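The values are calculated or read from the model by the stated rules, or taken from the named source; none is laboratory data. Note that this is a predicted model, so its numbers are computed, not measured. In this analysis, Cβ positions are derived from the backbone assuming ideal geometry, glycine residues included, and neighbour counts consider all displayed protein chains.
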């Protein structure tokens, strides 16, 4: 919740986002598009934002999200749509999927960890033998 008498300049990023959502609700919007709404929020403020958004959707507001944090997609959404190069590649109910197949849908291929080869030991280039210092 946001203190109604608070100055916006003194609010946290999450509280400012809630103020903007409240302003939209006050104007009776039917659709509120959010692009990476948790990008700059600590986990507690993201949870608070999600609670606000759940309340808004329970009252009939539609909220399309643009997310890259897949655990948040699964946590907050009812449906998931995957796009690749601005083209629709998949659409499903969130309850019917998990976060594992989503990156492959978005990228068109399964993400693989980088192949990292460690360098082999080489001959010493500098040696510090017979070094001493005074007491």
Self-check item: helices (runs of 4 or more DSSP H) wholly inside segment 1-92 containing at least 3 residues that are without any contact (Cβ under 8 Å) to a residue 12 or more places away in the chain and either surrounded by 15 or more Cβ atoms within 10 Å (Cβ to Cβ) or not assigned by TED's automatic domain parsing to the domain that holds residue 103 (or both)
Solution: 13-26, 43-58
Quiz item: How do the pairs read when you match residues in segment 93-106 that are in contact (Cβ under 8 Å) with a residue 40 or more places away in the chain with residues anywhere that are loosely packed, with under 15 Cβ neighbours inside 10 Å and part of a loop (DSSP other than H, G, I, E, B), using Cβ under 8 Å and keeping only pairs 6 or more apart or on different chains?
Solution: none
